[in-house]
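I have placed the structure first, in the form of structure tokens, so that the comments after it can refer back to it.
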Amino acid sequence: MRLRDQVAIVTGGASGFGRGIVELFAAEGAKVVIADVNFADGAALADRIGAGKAIATATDVTRRVDVEAMIAAAVAAFGGVDILVNNAGVTHKNQSLLNVSEEEFDRIYAVNVKSIYLTTLAVVCEFEKRGGGVIINTASTAGLRPRPGLTWYNGSKGAVITLTKSLAAELASKNIRVNAINPVIGETGMLEQFMGQPDTPENRAKFISGIPLGRMSTPLDIANAALFFADPASAFITGVAVEVDGGRCI
């Protein structure tokens with residue numbers, strides 16, 4: 001098992017890419033904290049993984065008190081933290097940039113960007129107690145090759161990529177590695193928001209036509225990339241933002 005005895009926190013871990021990461025990390029021997037605003041689904045997933053292997057926390061990653069409680073819960077349940085996956089994210093509906101409300105804009109940057117600020121401040125001291133740690137941020141191909149209609153979301157993911165590289169440079173002296181994953185559009189609960197239209201075979205085909213490998217990303221695709229970064233075998237890799245996109249960014 002590649003993550004035996006490691007303790008991982010996955011934000012947005014109750015569904016979508018986060019759920020895929022939680023399930024794969026648990027299968028690889030990690031003890032996992034499933035942090036999500038949807039506590040019921042997180043708790044159900046923790047129960048399925050098994051007592052002593054996973055717990056759930058009700059966590060709004062935009063609130064400092066929730067983030068600090070999430071870290072404290074990991075320490076109380078499992079003795080510390082080795083891996084943090086900043087996966088929680090939101091978007092706005094694919095539409096004209098002029099039609100996105102200020103409230104939507106603020107929420108996107110709070111969930112996608114401010115959360116990284118809050119989790120980093122809360123987790124670094126715990127990593128230091130373990131002699132180092134790993135941060136994995138879910139960014140997006142939108143931060144590299146933006147699609148029209150998602151401008152404000154695109155900007156938030158560009159910020160995640162830049163933060164990943166800057167955090168990697170600054171935290172390396174503490175033996176904390178920071179990397180990011182850039183998924184292409186995937187089969188998650190936010191699919192119709194990204195598309196800006198109903199999820200029909202015809203509409204999917206329009207988006208898939210821009211992906212050379214001919215399909216959308218899946219939670220397992222993203223989980224496999226996260227496992228690569230979390231694995232101690234990747235100990236000399238930091239500051240990388242890898243596209244998991246079927247060739248979309250070529």
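The values are calculated or read from the model by the stated rules, or taken from the named source; none is laboratory data. Every value quoted in this text rests on a predicted model; they were computed, and no experiment measured them. When we count neighbours, we look across all protein chains shown, and the Cβ atoms used for this are built from the backbone with ideal geometry, even at glycine.
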Inset, instruction - For the range 157-177, indicate whether the set of residues that are of a type outside the set (A, V, I, L, M, F, W, C), in contact with a helix residue (DSSP H, G or I) (Cβ under 9 Å, 6 or more places away or on another chain) and closer than 12 Å to THR138 by Cβ is non-empty. - result: yes
Legend entry - Residue, nearest to VAL90 (Cα to Cα), within the range 134-173, restricted to residues that are surrounded by fewer than 19 Cβ atoms within 10 Å (Cβ to Cβ) and touching a strand residue (DSSP E or B) at 6+ places or on another chain (Cβ under 7 Å): ILE161
Inset, instruction - For the range 134-154, enumerate the residues that are of a type in the set (S, T, N, Q) and assigned to a loop (DSSP other than H, G, I, E, B). - result: SER140
Inset, instruction - Would you mind stating whether ALA88 is farther than 30 Å from PRO146 by Cα and at pLDDT 95 or above? - result: no
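Give the residues of the range 34-54 that are part of a helix (DSSP H, G or I), among the small types (Gly, Ala, Ser) and buried (at least 18 other Cβ atoms within 10 Å of the Cβ), sorted by residue number. Show your work before the answer.
Restricting attention to the range 34-54, the residues satisfying the condition of being part of a helix (DSSP H, G or I) are 39-49.
Checking which are among the small types (Gly, Ala, Ser) leaves us with 40, 42-44, 46.
Answer for the range 34-54, where residues must be part of a helix (DSSP H, G or I), among the small types (Gly, Ala, Ser) and buried (at least 18 other Cβ atoms within 10 Å of the Cβ): GLY42, ALA43, ALA46.
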Inset, instruction - Could you please find all residues in the range 198-219 being at pLDDT 85 or above and part of a loop (DSSP other than H, G, I, E, B)? - result: SER209, GLY210, ILE211, PRO212, LEU213, GLY214, ARG215, MET216, THR218
Legend entry - Failed criterion for ILE211 (all others in (1) surrounded by fewer than 17 Cβ atoms within 10 Å (Cβ to Cβ); (2) over 17 Å from the mean Cα position of the chain (by Cα) hold): (1)
Legend entry - Selected residue [under 23 Å from LEU227 (Cβ atoms) and not acidic (Asp, Glu)] from ASN99, ASN86, ASN154, ASN94: ASN86
Inset, instruction - Find the residue count for the range 210-250, including only residues that are farther than 13 Å from ILE136 by Cα and aromatic (Phe, Trp, Tyr). - result: 1
Inset, instruction - Restricting attention to the range 219-250, report how many residues are closer than 17 Å to PHE25 by Cα and surrounded by 15 or more Cβ atoms within 10 Å (Cβ to Cβ). - result: 13
